[in-house]
Amino acid sequence: QVQLVESGGGLVQAGDSLRLSCAASGLTFSMYAWGWFRQAPGKEREFVAVIRYNGRTTNYADSVKGRFTISRDNAKNTVYLQMTSLKDEDTAVYFCAADPSYVGRAVERDYVYWGQGTQVTVSS
(Lines give C-alpha, C1' and ligand atoms only; values in the text may rest on other atoms or scores of the structure.)
Protein backbone atom coordinates (compact mmCIF):
# COMPACT_ATOMS: atom_id res chain seq x y z
CA GLN A 1 0.00 0.00 0.00
CA VAL A 2 1.45 3.32 -1.06
CA GLN A 3 1.49 6.07 1.52
CA LEU A 4 2.69 9.64 1.20
CA VAL A 5 2.76 11.63 4.41
CA GLU A 6 3.46 15.34 4.37
CA SER A 7 4.69 17.23 7.41
CA GLY A 8 6.24 20.54 8.34
CA GLY A 9 3.35 22.88 7.68
CA GLY A 10 2.25 25.51 10.13
CA LEU A 11 1.48 29.14 10.84
CA VAL A 12 4.29 31.57 10.05
CA GLN A 13 4.73 35.25 9.39
CA ALA A 14 5.47 36.80 6.04
CA GLY A 15 9.17 36.57 5.31
CA ASP A 16 9.67 33.42 7.35
CA SER A 17 10.82 30.04 6.11
CA LEU A 18 9.42 26.52 6.35
CA ARG A 19 10.57 23.14 5.17
CA LEU A 20 7.95 20.62 4.15
CA SER A 21 8.70 16.91 4.06
CA CYS A 22 6.96 14.08 2.30
CA ALA A 23 7.78 10.59 3.46
CA ALA A 24 6.86 7.83 1.05
CA SER A 25 6.38 4.12 1.56
CA GLY A 26 5.06 1.20 -0.43
CA LEU A 27 6.77 2.15 -3.68
CA THR A 28 10.25 2.36 -5.15
CA PHE A 29 10.90 5.98 -4.32
CA SER A 30 13.89 6.45 -6.61
CA MET A 31 11.91 5.42 -9.69
CA TYR A 32 9.54 8.38 -9.51
CA ALA A 33 9.60 12.05 -10.21
CA TRP A 34 8.21 13.95 -7.23
CA GLY A 35 6.12 17.05 -7.25
CA TRP A 36 4.61 19.55 -4.88
CA PHE A 37 1.26 21.15 -5.54
CA ARG A 38 -0.85 23.49 -3.46
CA GLN A 39 -4.46 24.53 -3.13
CA ALA A 40 -5.47 27.84 -1.67
CA PRO A 41 -8.98 28.42 -0.30
CA GLY A 42 -11.47 28.82 -3.10
CA LYS A 43 -8.90 28.07 -5.79
CA GLU A 44 -7.92 25.08 -7.88
CA ARG A 45 -4.88 23.03 -7.03
CA GLU A 46 -1.76 24.35 -8.76
CA PHE A 47 1.72 23.14 -9.51
CA VAL A 48 4.55 24.35 -7.28
CA ALA A 49 7.69 22.33 -8.03
CA VAL A 50 8.95 19.03 -9.38
CA ILE A 51 12.18 17.06 -9.20
CA ARG A 52 13.03 14.35 -11.66
CA TYR A 53 14.14 10.85 -10.71
CA ASN A 54 17.77 11.84 -11.33
CA GLY A 55 17.57 14.37 -8.52
CA ARG A 56 19.26 17.02 -10.60
CA THR A 57 16.52 18.41 -12.80
CA THR A 58 13.94 20.63 -11.18
CA ASN A 59 11.20 22.93 -12.32
CA TYR A 60 9.24 25.59 -10.47
CA ALA A 61 6.15 27.67 -10.86
CA ASP A 62 7.03 31.26 -11.64
CA SER A 63 5.36 32.39 -8.43
CA VAL A 64 7.86 30.48 -6.26
CA LYS A 65 10.99 30.52 -8.39
CA GLY A 66 13.96 31.80 -6.42
CA ARG A 67 12.17 31.32 -3.09
CA PHE A 68 11.37 27.59 -2.97
CA THR A 69 13.72 24.66 -3.42
CA ILE A 70 12.70 21.08 -3.99
CA SER A 71 15.04 18.23 -3.12
CA ARG A 72 14.93 14.52 -2.56
CA ASP A 73 16.72 11.96 -0.42
CA ASN A 74 16.36 8.53 -1.97
CA ALA A 75 17.94 6.88 1.06
CA LYS A 76 15.20 8.28 3.26
CA ASN A 77 12.37 7.98 0.72
CA THR A 78 11.63 11.62 1.34
CA VAL A 79 11.10 14.68 -0.80
CA TYR A 80 11.42 18.18 0.64
CA LEU A 81 10.22 21.64 -0.19
CA GLN A 82 12.27 24.41 1.38
CA MET A 83 10.24 27.60 1.36
CA THR A 84 11.78 30.98 2.09
CA SER A 85 10.56 34.57 1.97
CA LEU A 86 7.02 33.34 2.43
CA LYS A 87 4.19 35.58 1.33
CA ASP A 88 0.51 35.77 2.17
CA GLU A 89 -0.30 34.27 -1.19
CA ASP A 90 1.65 31.14 -0.31
CA THR A 91 -1.09 30.21 2.13
CA ALA A 92 -2.49 26.87 0.98
CA VAL A 93 -2.64 23.18 1.60
CA TYR A 94 0.50 21.64 0.14
CA PHE A 95 0.46 18.19 -1.41
CA CYS A 96 3.27 15.95 -2.53
CA ALA A 97 2.72 13.60 -5.42
CA ALA A 98 4.54 10.85 -7.32
CA ASP A 99 4.90 10.67 -11.08
CA PRO A 100 6.04 7.31 -12.48
CA SER A 101 7.10 8.78 -15.80
CA TYR A 102 10.56 9.82 -14.57
CA VAL A 103 10.24 13.06 -16.52
CA GLY A 104 8.30 15.08 -14.03
CA ARG A 105 6.06 17.73 -15.50
CA ALA A 106 3.82 20.39 -14.08
CA VAL A 107 0.81 18.36 -15.15
CA GLU A 108 -1.43 17.14 -12.37
CA ARG A 109 -2.81 14.18 -14.29
CA ASP A 110 0.69 12.67 -14.59
CA TYR A 111 0.80 12.03 -10.85
CA VAL A 112 -0.61 8.75 -9.62
CA TYR A 113 -0.08 8.94 -5.87
CA TRP A 114 -0.94 11.86 -3.61
CA GLY A 115 -0.51 12.72 0.01
CA GLN A 116 -3.23 14.15 2.22
CA GLY A 117 -1.65 17.57 2.38
CA THR A 118 -0.22 19.86 5.02
CA GLN A 119 -1.51 23.33 5.78
CA VAL A 120 0.74 26.34 5.41
CA THR A 121 -0.61 29.64 6.64
CA VAL A 122 1.33 32.86 6.18
CA SER A 123 0.21 35.91 8.08
CA SER A 124 1.34 39.46 7.42
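The values are calculated or read from the model by the stated rules, or taken from the named source; none is laboratory data. All values reported here derive from a predicted model rather than from experimental measurement. Glycine also receives a Cβ, built like all others from the backbone with ideal geometry; neighbour counts cover every protein chain displayed. Just the protein is used for accessible areas: all its heavy atoms, side chains included, with ligands, DNA and RNA removed. Shrake-Rupley method; radii C 1.70, N 1.55, O 1.52, S 1.80 Å.
Brief remarks follow.
- Straight Cα distances below 27 angstrom link residue 76 to the lysines 65, with same-chain residues fewer than 8 positions distant left out.
- Per residue solvent-accessible surface (Å²) - the chain, probe of 1.4 Å: 51 Å²
- The share of accessible area on the chain that comes from carbon and sulfur is 44 percent, using a 1.4 angstrom probe.
- A viscosity of 1.002 mPa s and a temperature of 20 °C, combined with the Kirkwood radius over C-alpha pairs in the Stokes-Einstein formula, give the chain a diffusion coefficient of 152 µm²/s.
- Other-chain or far-sequence residues with amide H under 5 Å of residue 33's (modelled H): 53, 99, 101, 102
- Bridges between two residues of the chain, per DSSP, are antiparallel at a rate of about 90%.
- Rounded to the nearest 20 debye, the dipole magnitude of the chain is 300 debye, with +1 charges on Lys and Arg beta carbons, -1 on Asp and Glu beta carbons, and the Cα centre as origin.
- Across segment 94-99, rounded Karplus estimates of 3J(HN,Hα) from the backbone phi angles (6.51 cos²θ - 1.76 cosθ + 1.60, θ = phi - 60°) give 9, 10, 9, 8, 10, 10 Hz, Gly and Pro being marked x.
- Within the full protein context, the accessible area of residue 85 is estimated at about 60 Å² for a probe radius of 1.4 Å.
- With a Förster radius of 22 Å applied to the C-beta separation of residue 43 and residue 69, the computed FRET efficiency comes to 0.40.
- Modelled FRET efficiency - R0 30 Å, residue 89 with residue 56, Cβ distances, 0.05 increments: 0.55
- Qualifying trypsin sites (Lys or Arg not before Pro) in segment 60-124, where qualification requires a DSSP coil assignment and no more than 15 other C-beta atoms within 10 Å, comprise 65, 67, 76, 87.
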